[in-house]
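Take a look at the structure set out below.
Read the figures in this text as sums done on the coordinates, not as results from a lab. Here the structure is a predicted model, which means the values were calculated and not measured. Methodologically, a virtual Cβ is constructed for each residue, glycine included, from the backbone with ideal geometry; neighbour enumeration extends over all protein chains shown.
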Amino acid sequence: MVTIERIRALIHVLDPRTDQCPVIVRRSSWANVETNSSIASRLNSSLYGVDPMVLIDRERVFRARNSERFLQLVLLWGFPTGMHGIGASAFAKWNQLLTLYQYLREHNHLTNTQYLENVIPMFNQIHGVSLAFFSKLLYFMNVTISGAPAVINDTFVREGIGKVLGPEIIHLNNVAKYKYRLYPDFLCEMQNLANQLGSTPERLEYVFWLTGKKEI
């Protein structure tokens, strides 16, 4: 288990944009997805060229300006070993994903009502894509919901939260569930805890992720 004071110390020295190692993504990991998707094959051919692998860090995803390249990088960075079900689902519903991307470009600062009534129904059309991908998409698009910035909520982040001791973490642990409707509550709690610790939700997420992966 980890104390909240240990988390406080780490978030002031660890920055995910500079300290997290780039992800190595081998094209072979996505071969099955490419076989069933001409879109995946086209985008990966453009990205990889003749190279068997690419390196992707957070800043590279943030810098992507083309909508298709951006969505591709979110998928590859988030699921470097392929995750064929998620990748296949995303590319099978590529037009719906582009529609969601465009909506989020135009509505970057969401109210809770917009999130529940507009974003979730669009996301539900992309069957088989997880909250992990969904939260990464919102994070890299710099979306806020009711003023709280989007951060990643995946298995390692949730496991990291579950390892932290302290009363400050109880409610966050309760809302860090694998449910889309609880995501705004998760962001609010992350914002509140980051404020208490004198840091940002982004840095807090990274330390939870490292804790969940047992890298600290």
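In what sequence do Glu5, Glu189, Glu34, Glu205 fall when counting other Cβ within 10 Å, fewest first?
Ascending Cβ contact count within 10 Å gives the list Glu5, Glu34, Glu189, Glu205.
How big is region 118-195 on each of its three principal axes, counting only the C-alpha atoms and giving the largest first in Å?
Dimensions of region 118-195 along the principal axes of its Cα atoms: 38, 25, 19 Å.
Please list, or write none, the lysines whose alpha carbon is within less than 16 Å of the alpha carbon of Lys179, excluding same-chain residues fewer than 8 places away.
Partners found: Lys136.
Past the 19 angstrom mark, what percentage of all C-alpha to C-alpha distances in region 1-94 do you count?
46
Mind sorting Arg27, Arg42, Arg65, Arg58 by how few other Cβ atoms lie within 10 Å of their own Cβ, fewest first?
Arg65, Arg42, Arg27, Arg58
Work out, step by step, the length gained on full extension between Ser67 and Glu117: first 0.36 nm times the residue separation, then minus their alpha carbon distance; give nm to one decimal.
Extra length available between Ser67 and Glu117 comes to 15.6 nm.
Sorting Met1, Met53 on the 10 Å Cβ count, fewest up front, what's the list?
Fewest-to-most Cβ neighbours within 10 Å comes out as Met1, Met53.
Could you give P(r) for the chain, binned at 10 Å from zero, as whole percent values over all Cα-Cα pairs?
Going from the shortest bin to the longest, the percentages are 8, 34, 35, 19, 3, 0.
Charges at C-beta only: +1 for Lys and Arg, -1 for Asp and Glu. How large is the resulting dipole of region 32-191 about its Cα centre, in Debye rounded to 20?
160
For a quick size check, give me the Cα extents of region 1-47 along its three principal axes, largest first, whole Å.
Extents along the principal axes: 49, 23, 15 Å.
Find the centroid of the Cα atoms in region 72-122 and in region 165-181, then give the distance between the two in whole Å.
Computed from Cα coordinates, the inter-centre distance equals 23 Å.
Can you work out the Karplus-derived ³J(HN,Hα) for every residue in region 167-179? Use 6.51 cos²θ - 1.76 cosθ + 1.60 with θ = phi - 60°, whole Hz, and x for glycine or proline.
For region 167-179, the Karplus curve yields x, 5, 9, 4, 5, 4, 4, 6, 9, 7, 9, 7, 9 Hz.
Relative contact order of region 146-195, please, whole-number percent, based on alpha carbon pairs below 8 angstrom and at least 6 residues apart.
Here the relative contact order equals 43 percent.
At 0.36 nm per residue, minus the direct Cα-Cα distance, what do Ser41 and Thr81 gain on full extension? Give it in nm, one decimal, please.
12.8 nm
When only C-alpha pairs under 8 Å and at least 6 residues apart count, what is the relative contact order of the chain, in percent?
23
I'd like the FRET efficiency for Arg181 and Val13, computed as 1/(1 + (r/R0)^6) with the beta carbon distance as r and R0 of 41 Å, rounded to 0.05.
Efficiency computed from Cβ-Cβ geometry: 0.75.
Could you tell me whether region 46-105 comes out rounded, prolate or oblate from its Cα gyration tensor? Rule is a ≥ b ≥ c as square roots of the eigenvalues, rounded for a/c under 1.5, then prolate if a/b exceeds b/c, otherwise oblate.
Verdict is oblate for region 46-105.
What length, rounded to one decimal in nm, is gained on full extension from Lys213 through to Glu59, with 0.36 nm per residue of separation minus their alpha-carbon distance?
In short, 53.3 nm is gained.
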